[in-house]
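Accompanying notes for the structure given below.
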Amino acid sequence: MKFATVEHRGSPAAVIAVTDTEAAVLPAGFTDIESIARVSDEERLSAVHEALWAGERLQVSGLAWLPPVLRPGKILCVALNNSANPDRIMSGPDTPAMFVKPSSSLVGHGRAIRLRKEDGRVHPEPELAVVIGRTGADIAQDEALSHVFGYTVLNDITAPGLRNEDTFHYRAIHPDPGAADGVRFVESWVSYPARYKGADTFAPLGPWVVTADDVADPHALRITCSHDGRLITDDNTANLRFGVAEVISFASRYLTLEQGDVIGMGTALRRSGAGGAVQNLDLNRLGGLVEITVDGIGALANHVEWR
């Protein structure tokens, strides 16, 4: 099944795909994907049956898309999680490294990515995203996929210019029992991602969420990124360094995963035959339309506007 969240009659409403061109509105009370995920299987199937047989029908071409999950507790993203990265990583962890985007950074399909000229270079990052359907902590890896409600598309917008502004080069204080004052100073660098990863509109998401039972293998999906129709990235989720179950299990050791949470699985990096690199696609200079596709899940498109 394919679900989405749209603006309908001035309010958010959940819809289910009937055909490629038509969607049906779910009963009142189902306002986004999280509201669908939190009910029992029986309640969900009853709502789907009611929508398909008696729900209002809408043309997909006329939908006003909202983020599938309106206010997830967290948007958890996995850094450098692609097999193209190991040759570039000089040092790093052997486990998933994660950061969090705020829910205020979300924007739906067809909506604008809004930038300021002073943001500097800004580029897209095409990703498969997981929507959590069952809350859990300390989840065993062999149980992890049972916590997935479905899959969608994420554009992890990134502003390296803002990252540079928010990076400290400093002397960190470390304990040193052998030193006279008990400390030693270690040259360090640290960046804080609130602005360069979490600014408003820096997390386009959607449009559809495809339920887990309709995705045979989340690690066998072609993923592309195009700019104004030119193919930049042509990759496959088979190239994820850490798979979905491993990420869910590891993350849940530290952060309780709740219904409606979104996990961005990491940037697809393999260049298309036309060349280029997604990190060099400066949206603040070029503007235009960014489209990300994940086979079997959908196409997420957003244009650039300036504030």
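The values are calculated or read from the model by the stated rules, or taken from the named source; none is laboratory data. Quick caveat: nothing in here was measured; it's all calculated off a predicted structure. Every residue, glycine as well, gets a Cβ built from its backbone with ideal geometry; the counts of neighbours run over all protein chains shown. What goes into the accessible areas is simple: the full protein's heavy atoms, side chains included, and nothing from ligands, DNA or RNA. Shrake-Rupley method; radii C 1.70, N 1.55, O 1.52, S 1.80 Å.
For the listed peptides 149-162, 99-112, a ranking on the average number of other beta carbons within 10 Å per residue, highest first, reads 149-162, 99-112. Summary of packing: across the peptides 68-78, 231-241, the per-residue average of other C-beta atoms within 10 Å ranks them, highest first, as 68-78, 231-241.
Legend: distances between Cα atoms for K101/K197; K74/K101; K74/K197; K2/K197; pairs beyond 18 Å are K2/K197.
Pick out which of S226, S35, S191 has the largest mean-square fluctuation in a Gaussian network model of the chain, springs linking Cα atoms closer than 10 Å. The residue with the greatest mean-square fluctuation here is S191. Expressed as a fraction of 2.2 N^0.38 Å, the value expected for a compact globular protein of N residues, the C-alpha radius of gyration of the range 111-186 is 1.88. Towards the positive end of the charge dipole of the chain, with charges on Cβ (+1 Lys, Arg; -1 Asp, Glu), say which of V25, H174, T293 has the farthest Cα. Of the listed residues, the answer is H174. Can you list residues whose amide H is under 5 Å from R241's amide H, if they're 5+ apart or on another chain and H is modeled 1.01 Å from N? Under 5 Å from the amide H of R241: N82, S83.
Close amide-amide hydrogen proximity is noted between D176 and V183, R184, each under 5 Å apart and 5 or more residues distant or on a separate chain (H modeled in the peptide plane; Pro and chain starts excluded). Antiparallel beta bridges, as assigned by DSSP with both residues in the chain, represent about 90 percent of the total such bridges. When you filter the chymotrypsin sites (Phe, Trp or Tyr not before Pro) in the range 237-291 for DSSP loop state and at most 13 other Cβ atoms inside 10 Å of their Cβ, you are left with Y254. The angle separating the long axis of helix 41-54 from the principal Cα axis of greatest extent in the chain is about 50 degrees. At q = 0.16 Å⁻¹, what is the base-10 log of I(q)/I(0) for the range 180-303 according to the Debye formula with one equal point scatterer per Cα and no solvent? Please give it to two decimals. Here log10 of I(q) over I(0) equals -0.98. Between E22 and V60, the built amide H atoms are under 5 Å apart, and every one of these is 5 or more places off in sequence or on another chain.
For the chain, the fraction of C-alpha pairs farther apart than 33 angstrom is 26 percent.
Per-residue Karplus couplings for the range 21-26, computed as 6.51 cos²θ - 1.76 cosθ + 1.60 with θ equal to phi - 60°, are listed in order as 10, 9, 10, 10, 7, 6 Hz, Gly and Pro entered as x. Measuring nothing but protein heavy atoms, the accessible surface of the range 199-307 at 1.4 Å probe radius is 45 percent carbon and sulfur. Per residue, the chain exposes 46 Å² of solvent-accessible protein surface, assessed with a 1.4 angstrom probe and all protein chains in place.
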